[in-house]
Each structure stands twice: as C-alpha cells, then as structure tokens.
Amino acid sequence: MTNRYRPTWAEINLDHLWHNYQEAASYVPDKVVIPVIKANAYGHGAVEVMKHLYLHGVRFYAVSLLEEALELRKIYDDIDILMLGPVMPKDLRICSKNKIEFTVYDMEIAKHVLHSKYPLICHLKVDTGMTRYGITEPNEIIDTIDSMQASSHVHLKGLFTHFATANDNEEIYRKQLDQMSMIIKKIKKLPEMIHISNSSSTFKYEFQIPYTTHVRLGISLYGLTLDIDQPDIKPVMQLKSKVVQIKELKPGDCVGYGATYCAKENERVAILPIGYADGFLRKNKTGSVEIHQKKYKIVGIICMDACFIKVDDQIKVGDVATLFGGIITIDDVARRLNTINYEVITSISSRVPRVYIKS
Ligand SMILES: Cc1ncc(COP(=O)(O)O)c(C=O)c1O
C-alpha cells in the first residue's frame, strides 16, 4: 500500500545506500558485491533500492522468495536474480521461464532439478555448520556438482555457504570456513561464482579468502552491523512522524488504553500517528523520540495507530519527531527491544510510506 496522506513515513537515504555499497566493495576490490534485498530490502523497499543500485551499474541481486524475485524480474530483464530461500519442485518451470537463479539446498531438490525438462540456473548451497538450508555430506556435494555439470539442461552457476557467527564467534566461523575450503579443494571444476561472506564476513575476513568471486551484503548495505569495529557505513532509514495533537493534562488526567500513565502536575502530551501496526512495537513504551534534536519520553501504552509523548512548551502541532535514525539510533531501539537491528528495520510495516531522498 502506498500511503501518501498520513504524516508518518520512513525516510530512505539512497546516497547512504550507495556509499555503503561502495564501502563494502572497497574491502573486496577484486570481487563483486551482491546486494541482499530480501524482505523488501530489509524494509527499505526492494524495488527502489534495486533501481538506485541499477543506476550505478549493479546487475546481480539476491532475495529469499520466488515472489520477491519475480517482482524484480518484472522491472529489469538484464539483471541476475538469485533466490536464497527454498524453491518448491513445482516452481522450477517458473524459475526457468523468468531466468531466476535458485538454491539447491538438499538432495531431494537436486534430483528434481536433474530430472527437470526445463533449462535451469542454480547455485548449490553447502551446509558447513549453520544447519539451515544446504547439503552437508561432502560426497553428496561432489556427486551433485558432477551430475549437474554433466547435464545439458542445468547450469550450475554458483556454490555457496552461509556463516552462523561471523560477527560473534571466530572459532565457529573458522570451522565453517575450513569445511568450505576442504570441499572447494575436492571440486574438479569450480562453478563460475563462489560466494560465502555475509556483511560481517565481508568486512572482517573476506580479504583472506582466495577462492571466492562474490560476497552477499545484507545488513551493512543498510548502514548497520552487529560488529563492534564499525566500518564507515551510514544508516539508511529514519522513521519519522508529525505531532498531530497536543493535550494539556491536569493532575490526575490519564493517557491511553489501561490509563497506565497519569499526570502528577500540569503536563503536555503530544500525539504521534504511529503505532504498533506500523512496526513501532508496544515494547517501545520505555523509550523516547527525538523532536528538535532533543529526546522526549514515550508515555502510556502504544496504540495500534498512535503513541503519546511527554513534551514541553517548545513543541507544537506539525513538529517532526524522529523515532529512530537520528540521535536515537536503530541500535538504541534494538537494545530497548532486546533484539537486533535487523528486526527493527524489517518490522516497519507496509503501511508506512517509504520516502526516498538523494542528492
Ligand atoms: C543466505 C544469506 N546470505 C546473505 C545474507 C545477508 O546477511 P547480512 O545481512 O548479515 O549481511 C543473508 C541474510 O540473512 C542470508 O540468509
């Protein structure tokens, strides 16, 4: 839904997005950065993000779902799209027709691919220890690669794995890397694309990995990381809303459902038209928002479409509140909610319009 009327929006800075892409690329100068734009580009708007990167010459994108892949394919015919999530055997025909590259994630789908009558482009995923999608047994991996390379209708374009702990446990990370390196050594003819790093691994380890050709950049494309050593990346999303009403409270007046906040003295409460149905979750009630570079506390319970802010005399109807992405960072909100920055940005719902800014 595009909603142009409500005074609540997520501002998406496309200059920052491109800056982040280039920053990652500068860490891996001889490799290609694949933007991961699944889950609506982590909430930033997959189509707009892709269009902006396309203008800068990016031609390879990764998503999770076939629906996401087809949405992109409708727009550009000259891009490569890799679907990282599981493909269903019945959908191989659609992948073939729309040139969607998909993941071979177990032996069952490998059989369907080999027995298919359609021309298919795929990437084989190796499970090196994440225990999610991917084939674990080295013999099965090698046999599948051999069969696919011998097939006339299958183009085995890539080989990849995914790390579980690139940002927080080097020992487990190294075990996965060793497993991948061991498998790479056994392969007679490597596919043209080998990609194993996510954002954290791109910045921290990719320069040491000789056999890869691409990296898959998700969270850091959007200016965020879980690493303590931050690369020079800039957050892309700011969540904003405008004060639509101000209530002058007298001592004893209470605010919102459950009347959980009651004024002890004369107070002013500003109402913002944003609530948990927008992805501004109820647990945010312990936090603040920014208005005119100053923090103001959220009071009462967050409603589906609105929340309440205790303000001073400086604040008036029409003032812009920044809920995150300004002096209150996305990471501050993640800490407040006891979660990770990924969840904060992907939770912003589709009824919040995305407003794109670029120089
Ligand atoms: C297979 C795969 N590759 C790459 C990524 C991007 O990871 P990150 O956002 O940590 O860069 C993801 C995200 O979850 C993923 O599932």
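Quick notes on this structure:
- Qualifying positions in region 303-346 - within 13 Å of LEU226 (Cα to Cα), in contact (Cβ under 8 Å) with a residue 40 or more places away in the chain and polar (S, T, N, Q): ASN341
- Looking across region 240-276, the residues that are small (Gly, Ala, Ser) and farther than 22 Å from ASP319 by Cα come down to GLY252, GLY258, ALA259, ALA263.
- No other residue among ILE246, ILE194 is under 22 Å from the mean Cα position of the chain (by Cα) and β-branched (Val, Ile, Thr) apart from ILE194.
- Residues of region 169-228 that are touching a His at 6+ places or on another chain (Cβ under 9 Å) and in a helix (DSSP H, G or I): GLN176, LEU221, TYR222.
Residue-by-condition table, conditions (1) in contact with a strand residue (DSSP E or B) (Cβ under 6 Å, 6 or more places away or on another chain); (2) of a type in the set (Lys, Arg); (3) within 14 Å of the ligand (Cβ to nearest atom):
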site	(1), (2), (3)
GLU23	no, no, yes
GLU48	yes, no, no
TYR61	yes, no, yes
GLU67	no, no, no
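- Hits in region 286-295 (condition: in contact with a Ser or Thr (Cβ under 9 Å, 6 or more places away or on another chain) and crowded, with 19+ Cβ neighbours inside 10 Å): VAL289, GLU290, ILE291
- Residue selected from region 82-113 under the condition part of a loop (DSSP other than H, G, I, E, B) and hydrophobic (A, V, I, L, M, F, W, C), by the criterion surrounded by the most Cβ atoms within 10 Å (Cβ to Cβ): VAL87
- Cβ-Cβ under 6 Å pairs, at least 6 apart or on other chains, region 179-198 side within 15 Å of LEU124 (Cα to Cα), far side more than 16 Å from the ligand (Cβ to nearest atom) and hydroxyl-bearing (Ser, Thr, Tyr): ILE184/TYR211; ILE194/TYR211
- Residue check for GLY57: away from the ligand (no atom under 14 Å from the Cβ), over 26 Å from GLY279 (Cα atoms), assigned by TED's automatic domain parsing to the domain that holds ILE209 and of a type in the set (Gly, Ala, Ser): yes
- Of the residues making up region 119-127, not a single one is acidic (Asp, Glu), within 16 Å of the ligand (Cβ to nearest atom) and surrounded by 21 or more Cβ atoms within 10 Å (Cβ to Cβ).
- Condition met for ARG216 (closer than 28 Å to ASP91 by Cβ and of a type in the set (Lys, Arg)): yes
- Number of positions in region 150-167 that are away from the ligand (no atom under 16 Å from the Cβ) and among the aliphatic types (A, V, I, L, M): 3
- Just one residue in the set ILE79, ILE142 is among the β-branched types (Val, Ile, Thr) and either in contact with a Pro (Cβ under 6 Å, 6 or more places away or on another chain) or surrounded by fewer than 16 Cβ atoms within 10 Å (Cβ to Cβ) (or both); that residue is ILE142.
- Leading residue by the ranking (surrounded by the fewest Cβ atoms within 10 Å (Cβ to Cβ)) among those in region 25-38 that are farther than 14 Å from TYR54 by Cβ and within 10 Å of the ligand (Cβ to nearest atom): LYS38
- Complete set of residues in region 114-158 that are under 31 Å from the mean Cα position of the chain (by Cα), assigned to a loop (DSSP other than H, G, I, E, B) and not small (Gly, Ala, Ser): PRO119, ASP127, THR128, MET130, THR131, ARG132, TYR133, THR136, GLU137
- For ILE75: the one exception among (1) within 14 Å of the ligand (Cβ to nearest atom); (2) free of Cβ contacts under 8 Å to residues at least 60 places away in the same chain; (3) of a type in the set (A, V, I, L, M, F, W, C): (1)
- Exclusive hit being outside the structural domain of HIS155 (by TED's automatic domain parsing) and within 16 Å of the ligand (Cβ to nearest atom), set ILE209, ILE172, ILE228, ILE196: ILE228
The values are calculated or read from the model by the stated rules, or taken from the named source; none is laboratory data. All values reported here derive from a predicted model rather than from experimental measurement. All Cβ positions, glycine included, derive from the backbone under ideal geometry; neighbour counts span all protein chains shown.
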